[in-house]
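S.K.: This is the structure, below, for whatever I ask next.
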Amino acid sequence: MKKILFFISIFYCSLIFSIKSENIKGDANVGADLFKKNCTACHSMELEKKMIGPALSGITKKRSREWLHKWIINNKSLRESGDKDAIAIYKEYGNIEMNLFPKLSEKQVDDILFFIQNPKIEKNKNNHNKKNENEITEEKQLKKFLIKLIIFCFVILSLILLWILYRIQILTSLLSETKSPVFKKRDFAIFFLYKKILKNKKIRWRLLFYFVSFLLFLTVYGTWNFLMKIDVNKGYKPKQPIHFSHKIHSDINKIDCQYCHSSAKYSKVSGIPSANVCMNCHITIDKYQGDYLEEGKSRDEYDKEIKKIYHVVGWDPENRKYSGNTHPVQWIRIHNMPDFVYFDHSQHIVSGEKMIKKFKKVDLVCKACHGDVQKMDQVEMSNDFTMEWCISCHRNVEIDTNNQYYKNYFSNNIKKEKKITVDMVGGTECAKCHY
């Protein structure tokens, strides 16, 4: 009996040591990124939460590293090998096949498992917080400086006005005297105004004529400027029915512009993404867990906006089912060309991308017209979008001579030593945009 107990104790000790030797080591930050890219379609970043797939919290304690590697990389072959645990999980979740990940290396799988084992390790959180704090302090300092500058300008302007009023008061008092006024040395300007101008009728009428002409010129200029600004809506940024921060999605999370605006490259219009595109990510992301917060906003407000998407598509996050009861979003359009203007997004993105980026000195062709949308919490119209604005661009942007379009259609006109701008190949012809 003692021998049996001895062998059992040795067996359990060997098991414990074997488990300890299988401790998973990896990079939790890399694992978090890999998890977001590969796993969040079925598993929640909140590892204790069950979604399409099981909750993954504590999975590294329930299963061995070797088994998890086989399951993640090719769960199908693991099931076909007759593994009872793999078959049981497959049946438990309604025979829904998990995606295969043959491209993941052992190191990458270890990183994912290490992240699951240590989910509280947050990626560069301190750096993000410091960045946000720096941005806020910079904004506050800028506001304080502008307030001080405005106050200083008002003080200077007030002093100038007081001096002018004082001189006018002296002049009026002198003119009201019956006798010829006596001027002091310091009143030389008043003396000149009184003696040379006010006493001379010709000069008075001439000055009146100049003054009226100047007022007339200002009126005509102001009227013309007002007419030219009609329907020029630079700075227009309406509040949308669902708040969407491009800074969070495009800048912080690095989502490509054309992931949402997929028709921009192949169509006349860039297109507004349907709510289904939002659900590609938000079917698993039902709460905002980022470090960045807009000024005056809280995480609860972001969570409410996510719930608005669920309401639009008829998604029930509790039962994880679509109800079929949808509600269209009434987006407010910001950039809208008049009906008599033709503009093709695909032409500018495909044919003109290289040279537009070079001329405007931007890293994304979208920024040339729409401004730095990646940094915007609320999208606004960044440019005038007038005819003059478009023509000035066409007169300065060169065509890309290596582009297949220009090679085929303008091969006879292209000379490598000559600078050819868009206007030289019909870019300013009326029928190009108005037909």
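The values are calculated or read from the model by the stated rules, or taken from the named source; none is laboratory data. Treat the numbers as computed from the prediction; the structure is a model and nothing was measured. Because the Cβ atoms are built from the backbone with ideal geometry, glycine has one as well, and the counts that use them run over all protein chains shown.
S.K.: Report yes if Gly296 is within 20 Å of Val379 (Cα to Cα) and outside the structural domain of Leu47 (by TED's automatic domain parsing), otherwise no.
M.R.: Taking the combined requirement at face value, the residue satisfies it.
S.K.: Of these, Met355, Met381, Met376, which one is surrounded by 14 or more Cβ atoms within 10 Å (Cβ to Cβ), touching a strand residue (DSSP E or B) at 6+ places or on another chain (Cβ under 6 Å) and of a type in the set (A, V, I, L, M, F, W, C)?
M.R.: Exactly one residue qualifies, and that residue is Met355.
S.K.: Enumerate the pairs (first residue in the stretch 328-346 and at pLDDT below 90; second residue anywhere and assigned to a loop (DSSP other than H, G, I, E, B)) with beta-carbon separation below 8 Å, excluding pairs fewer than 6 apart on the same chain, so at least 6 apart or on different chains.
M.R.: These pairs meet every condition: Met337/Phe343; Met337/Phe385; Pro338/Asp231.
S.K.: Still on this structure, I have one more. On the basis of being surrounded by fewer than 13 Cβ atoms within 10 Å (Cβ to Cβ), part of a loop (DSSP other than H, G, I, E, B) and at pLDDT 75 or above, does Lys144 make the cut?
M.R.: Answer is no for this residue.
S.K.: Specify the residue that is farthest from the chain's Cα centre (by Cα); the eligible residues are those in the stretch 369-386 that are in contact (Cβ under 8 Å) with a residue 24 or more places away in the chain and part of a helix (DSSP H, G or I).
M.R.: If we take residues in the stretch 369-386 being in contact (Cβ under 8 Å) with a residue 24 or more places away in the chain and part of a helix (DSSP H, G or I), then His370 is farthest from the chain's Cα centre (by Cα).
S.K.: May I pose another question? Which of (1) at pLDDT 85 or above; (2) in contact with a helix residue (DSSP H, G or I) (Cβ under 8 Å, 6 or more places away or on another chain); (3) outside any helix (DSSP H, G or I) does Lys103 not meet, given it meets every other one?
M.R.: Of the numbered conditions (1) at pLDDT 85 or above; (2) in contact with a helix residue (DSSP H, G or I) (Cβ under 8 Å, 6 or more places away or on another chain); (3) outside any helix (DSSP H, G or I), the odd one out for Lys103 is (2).
S.K.: Among the residues of the stretch 109-126, is any in contact with a Leu (Cβ under 6 Å, 6 or more places away or on another chain) and at pLDDT below 85?
M.R.: yes
S.K.: Sticking with this one: Given the condition out of contact with any Pro (no Cβ under 6 Å at 6 or more places or on another chain), modelled with pLDDT of 90 or more, under 30 Å from His243 (Cα atoms) and among the small types (Gly, Ala, Ser), answer yes or no: does some residue in the stretch 384-402 qualify?
M.R.: no
S.K.: Another question about this same structure. Scan the stretch 45-97 residue by residue and report those that are charged (D, E, K, R), more than 24 Å from Pro119 (Cα to Cα) and part of a helix (DSSP H, G or I).
M.R.: If the condition is that a residue be charged (D, E, K, R), more than 24 Å from Pro119 (Cα to Cα) and part of a helix (DSSP H, G or I), then Lys76, Arg79, Glu80, Lys84, Asp85, Lys91, Glu92 are the ones that fit.
S.K.: Among the residues of the stretch 48-68, is any touching a Ser or Thr at 6+ places or on another chain (Cβ under 8 Å), over 25 Å from Tyr288 (Cβ atoms) and surrounded by 14 or more Cβ atoms within 10 Å (Cβ to Cβ)?
M.R.: yes
S.K.: How many residues does the stretch 242-266 hold that are surrounded by 14 or more Cβ atoms within 10 Å (Cβ to Cβ) and in a loop (DSSP other than H, G, I, E, B)?
M.R.: Residues in the stretch 242-266 being surrounded by 14 or more Cβ atoms within 10 Å (Cβ to Cβ) and in a loop (DSSP other than H, G, I, E, B): 6 in total.
S.K.: Among residues belonging to the stretch 281-299 that are part of a helix (DSSP H, G or I) and without any contact (Cβ under 8 Å) to a residue 60 or more places away in the chain, point out the one that is surrounded by the fewest Cβ atoms within 10 Å (Cβ to Cβ). Don't jump to the end; show me each part of the working.
M.R.: Filtering the stretch 281-299 down to residues part of a helix (DSSP H, G or I) leaves 281-282, 299.
Applying the additional criterion that residues be without any contact (Cβ under 8 Å) to a residue 60 or more places away in the chain yields 282, 299.
Numbers: His282: 19, Arg299: 12.
So, considering only residues that are part of a helix (DSSP H, G or I) and without any contact (Cβ under 8 Å) to a residue 60 or more places away in the chain, the one surrounded by the fewest Cβ atoms within 10 Å (Cβ to Cβ) is Arg299.
S.K.: Here's something else I'd like to know. On the given criteria, is Ile306 in a helix (DSSP H, G or I) and either outside the structural domain of Asp384 (by TED's automatic domain parsing) or in contact with a strand residue (DSSP E or B) (Cβ under 8 Å, 6 or more places away or on another chain) (or both)?
M.R.: So Ile306 fits the description; yes.
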